[in-house]
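The values are calculated or read from the model by the stated rules, or taken from the named source; none is laboratory data. Remember, predicted model here, so these are calculated numbers, not experimental data. FYI the Cβ positions are ideal-geometry reconstructions off the backbone, even for glycines, and counts take in every protein chain you see.
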Amino acid sequence: MGDFMSDDHTTDCPVLREIWLLWSTILNSDQMRLVLSATGIKLQALEETLASSALKAHSYAVKSNIGAFEKPESQVEYIKRYVPACWTDLDWAEFLTQSWRWCRGR
């Protein structure tokens, strides 16, 4: 909070709002997947941000408390469940390999 202000400069806006606004103007809603991962996300603040008028134009689903990934296979299974992609495509296969390195421990 505090990094961005409302258009009338009276209200602090979280950076997530700005990220969402930018990405949702670049991508169609069926192309956009935004995954947030952290150990201290305040779920109520996230839901308040997602309920703001700027974000109501796009549908979303909040998934929380999904657990940790102890093995690459469990992470792959999770990603495949929520990210629609052609998993036989070599680029997506590489994405799955890299995601273990990028997200391990998060």
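Check segment 93-104 and report whether any residue there is of a type in the set (F, W, Y), farther than 18 Å from L16 by Cβ, modelled with pLDDT of 90 or more and surrounded by 10 or more Cβ atoms within 10 Å (Cβ to Cβ). Can you show your working first?
As a first pass, look at segment 93-104 and keep what is of a type in the set (F, W, Y): 95, 100, 102.
Checking the rest, the ones that are also farther than 18 Å from L16 by Cβ come to 95, 100, 102.
After this cut, where a residue has to be modelled with pLDDT of 90 or more as well, the list is 95.
Still in the list and also surrounded by 10 or more Cβ atoms within 10 Å (Cβ to Cβ): 95.
Yes.
Among the conditions (1) farther than 23 Å from Y82 by Cβ; (2) at pLDDT below 70; (3) surrounded by 10 or more Cβ atoms within 10 Å (Cβ to Cβ), the only one that G2 does not satisfy is (3).
Restricting to segment 79-94, give me the number of residues that are more than 15 Å from L34 (Cα to Cα) and not hydroxyl-bearing (S, T, Y). Write out each step before concluding.
Taking segment 79-94 and keeping what is more than 15 Å from L34 (Cα to Cα), we get 86-94.
Checking the rest, the ones that are also not hydroxyl-bearing (S, T, Y) come to 86-87, 89-94.
Qualifying residue count for the region: 8.
Within segment 89-106, residues that are assigned by TED's automatic domain parsing to the domain that holds E73 and of a type in the set (D, E) reach no partner that is in a helix (DSSP H, G or I) and modelled with pLDDT under 90 with beta carbons closer than 9 Å at six or more positions or on different chains.
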